[in-house]
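Quick notes on the structure that follows.
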Amino acid sequence: MRKNAAQRLILRGGRVVDPSQNLDEAADIVIDDGHIAAVGPEAAAKTSKGIVIDLHGLIVTPGLIDMHVHLREPGFEYKETIRTGSEAACAGGFTAVASMANTDPVNDNRSVTEFILRKAAEAGLVRVHPVAAVTAGMKGESLTEFWDLKRGGAVALSDDGRPVKNSAVMRRALEYAASLKMTVISHCEDPDLSGDGVMNESFVSTDLGLPGIPAAAEEIMVARDILLARYTDTPVHIAHVSTAGSVELIREAKKKGVKVTAETAPHYFTLTQEVLKDYDTNAKVNPPLRGPKDVEAVKEGLRDGTIDVIASDHAPHAVTDKEVEFEYAANGIVGLETSLGLSLRLVAEGVLTLSQLVAKMSVVPAVILGIPGGTLRPGSPADLTVIDTNLTWRVDPTVFRSRGRNTPFAGWELTGKTVLTVMGGRITYRDPSRWE
């Protein structure tokens with residue numbers, strides 16, 4: 001058998017949770033030639049040959065998909081590479097990720113897109129779907145060649161890290177992307193309002209003596225993009241929602257039939273600005289951590305379906321980017337290896353059911369991006385995640401597979417962890433505490 005070739009796998013007795021089929025039951029899964037061959041209570045009984053793995057007591061879901069990560073390569077390999085990011089992804093239970101365009105050079109042309117795909121194929125651990133820039137150089141001025149980027153393998157478009165400030169440019173982007181059935185992922189921020197702010201504008205920022213970023217800086221651009229999406233009758237996806245006002249704007253827009261979808265990240269429903277009182281640069285992000293009312297609003301948005309997706313916004317940085325004065329520290333939290341554990345807290349709290357969580361971390365991202373995955377239907381690619389929801393573990397950045405160690409969750413005790421990841425019928429990750 002050639003190296004890394006897909007093998008026939010027989011996964012027995014796990015609880016299969018697949019929202020794409022309204023499936024939540026104990027079942028066997030047979031994987032053959034990289035695809036799902038059969039799913040059902042007696043599926044394994046009809047197959048005599050293959051590698052058998054007993055999954056009794058474990059949860060089996062479609063492979064998790066993170067639609068918002070920063071893999072840093074090309075240009076910032078000292079922070080992360082496509083290989084190390086892929087290793088972190090499969091350890092976190094992800095079989096596919098969408099990589100943002102803010103590399104160096106920016107992914108604003110086909111050659112960079114194809115480079116990313118070649119590197120991902122060399123690593124062979126996770127499906128990397130490049131997100132190309134909306135504008136050349138992410139400068140917000142002229143549109144990139146969307147069609148050529150799509151032919152090169154880009155699945156969506158975003159200047160994430162920077163807003164498309166010019167409304168006329170954003171309008172044209174939405175119209176052009178819609179004609180190609182590509183999603184525009186919007187970083188909603190009014191840079192004039194954000195100014196030189198480094199955290200949420202509040203009593204806490206005043207007390208710390210740090211310049212603040214008002215919630216309105218996000219909400220004004222959310223409102224603008226909703227209006228543009230309504231006017232052009234095209235879809236828009238709002239990235240990393242962090243404020244109560246944004247949640248309400250998106251909720252009302254959906255009620256009116258606007259084609260808007262939205263995501264948030266685990267840090268926006270687990271942390272507040274209070275964690276910055278010791279000037280921890282590992283909790284410095286953009287948009288910034290907000291107040292308790294915003295956290296509760298984000299949770300309610302997840303509960304009622306206003307927020308469609310949970311994405312990590314994985315943003316690895318080197319020590320030299322973070323161990324500086326707060327004002328000069330880079331924004332971002334490394335998240336691929338903690339996203340699932342933190343998100344499972346929503347199930348424990350009763351905010352989401354397990355099936356709803358899987359939908360937000362697998363099924364819906366696949367639909368929004370228009371990519372394969374998010375299902376265990378027979379014939380589909382054999383991408384799946386096996387989770388031990390009873391496994392308690394402590395977050396230890398020193399053992400992360402990512403090059404980034406910049407997490408405010410170090411030392412946190414989480415319950416629920418990926419123990420096995422399968423991509424294309426190949427096992428890409430085994431938790432060493434569970435499997436020898």
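The values are calculated or read from the model by the stated rules, or taken from the named source; none is laboratory data. The structure presented is a predicted model; accordingly, all values stated were derived computationally and were not measured. So basically every Cβ, Gly included, is an ideal-geometry build from the backbone, and we count neighbours across all protein chains shown.
One line per residue, one yes/no per condition, for (1) part of a strand (DSSP E or B); (2) among the basic types (Lys, Arg); (3) surrounded by 17 or more Cβ atoms within 10 Å (Cβ to Cβ):
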{"residue": "Ile387", "(1), (2), (3)": "yes, no, yes"}
{"residue": "Asn390", "(1), (2), (3)": "yes, no, no"}
{"residue": "Arg403", "(1), (2), (3)": "no, yes, yes"}
{"residue": "Phe409", "(1), (2), (3)": "no, no, yes"}
{"residue": "Gly416", "(1), (2), (3)": "yes, no, yes"}
{"residue": "Val419", "(1), (2), (3)": "yes, no, yes"}
{"residue": "Ile427", "(1), (2), (3)": "yes, no, yes"}
{"residue": "Ser433", "(1), (2), (3)": "no, no, no"}
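Can you tell me which residue in segment 262-278 is surrounded by the most Cβ atoms within 10 Å (Cβ to Cβ), limited to those that are in contact (Cβ under 8 Å) with a residue 24 or more places away in the chain and farther than 23 Å from Leu249 by Cβ? Selected residue: Leu276.
For segment 297-315, the condition of being among the hydroxyl-bearing types (Ser, Thr, Tyr), surrounded by fewer than 24 Cβ atoms within 10 Å (Cβ to Cβ) and either touching a Pro at 6+ places or on another chain (Cβ under 8 Å) or farther than 22 Å from Ile65 by Cα (or both) holds for none of the residues.
With respect to being farther than 18 Å from Gly57 by Cα, in contact with a Leu (Cβ under 8 Å, 6 or more places away or on another chain) and among the β-branched types (Val, Ile, Thr), Val363 falls outside the description. Against the numbered list (1) more than 22 Å from Leu340 (Cα to Cα); (2) surrounded by fewer than 18 Cβ atoms within 10 Å (Cβ to Cβ); (3) touching a residue at least 24 places away in the same chain (Cβ under 8 Å), Ala44 comes up short only at (2).
Just checking, which of Ala98, Ala26, Ala91, Ala5 is at pLDDT below 95 and either at negative phi or not hydroxyl-bearing (Ser, Thr, Tyr) (or both)? Don't jump to the end; show me each part of the working.
Values: Ala98 fails: at pLDDT below 95; Ala26 fails: at pLDDT below 95; Ala91 fails: at pLDDT below 95.
The unique qualifying residue is Ala5.
Of all the listed residues (Gly341, Gly301), the sole one being touching a residue at least 60 places away in the same chain (Cβ under 8 Å), among the small types (Gly, Ala, Ser) and within 25 Å of Leu391 (Cβ to Cβ) is Gly341. Residues of segment 236-257 that are without any contact (Cβ under 8 Å) to a residue 60 or more places away in the chain and closer than 22 Å to Asp159 by Cα: Ile238, Ser242, Thr243, Ser246, Leu249, Ile250.
Filter segment 56-81 down to residues that are among the aliphatic types (A, V, I, L, M) and either free of Cβ contacts under 8 Å to residues at least 60 places away in the same chain or surrounded by 24 or more Cβ atoms within 10 Å (Cβ to Cβ) (or both) and give me whichever is nearest to Asp321 (Cα to Cα). The selected residue is Leu71. Ser20 meets the conditions (1) of a type outside the set (D, E, K, R); (2) surrounded by fewer than 21 Cβ atoms within 10 Å (Cβ to Cβ); (3) under 22 Å from the mean Cα position of the chain (by Cα); (4) not assigned by TED's automatic domain parsing to the domain that holds Val399 in every case but one. The failed one is (4). Residues of segment 135-176 that are within 29 Å of Lys119 (Cα to Cα), free of Cβ contacts under 8 Å to residues at least 60 places away in the same chain and part of a loop (DSSP other than H, G, I, E, B): Lys139, Gly140, Ser142, Thr144, Glu145, Gly153, Ala154, Asp159, Pro163, Val164.
Residues in segment 195-230 that are of a type in the set (Ser, Thr, Tyr) and in contact (Cβ under 8 Å) with a residue 24 or more places away in the chain were compared, and the one that is farthest from Pro292 (Cα to Cα) is Ser205. On inspection, Gly379 does not qualify as crowded, with 22+ Cβ neighbours inside 10 Å, closer than 28 Å to Asp28 by Cα and not polar (S, T, N, Q).
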